[in-house]
Amino acid sequence: MHIGSVLLVIWLVIGAIAAGQRGYYSGPVSSCTAGGTIAVTILAGPLNYLGVNPKVNCTLPQPSK
């Protein structure tokens, strides 16, 4: 494995731990907002511990009637 790959995995694991500490895995992911917030928290990685608290606010289009 290249050092870059190892660093990327470590970065994402730290982000996943931060999402877990915030309680994002405690319930079902029932909306775009919840899923997006979990994803960006994982992508932010160690930045979560430096004060970054990413949130996503999205709406899905409604089906036509």
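What Kirkwood hydrodynamic radius do you get for the chain when you take the inverse of the mean 1/r over all pairs of distinct Cα atoms, in Å? Mind showing how you got there, number by number?
Details: mean 1/r = 0.0772 Å⁻¹.
Its Kirkwood hydrodynamic radius stands at 12.9 Å.
What ranking do 35-46, 13-24, 52-63 get when scored by the average of other Cβ atoms within 10 Å per residue, highest first?
Working: 35-46: 17.8, 13-24: 15.7, 52-63: 9.7.
With the highest mean Cβ count within 10 Å placed first, the list reads 35-46, 13-24, 52-63.
So between Ile3 and Ser30, what do we pick up on full extension, going 0.36 nm a residue minus the alpha carbon distance?
Details: separation 27, 0.36 × 27 = 9.72 nm, distance 3.63 nm.
Difference between extended and current length: 6.1 nm.
Every number in this text was worked out from the coordinates using simple rules, so none of it is lab data. Bear in mind that the values here come from a model prediction, so they are computed numbers and not experimental data. For neighbour counting, all protein chains shown are included, and Cβ atoms are generated from backbone atoms with ideal geometry for every residue, glycine included.
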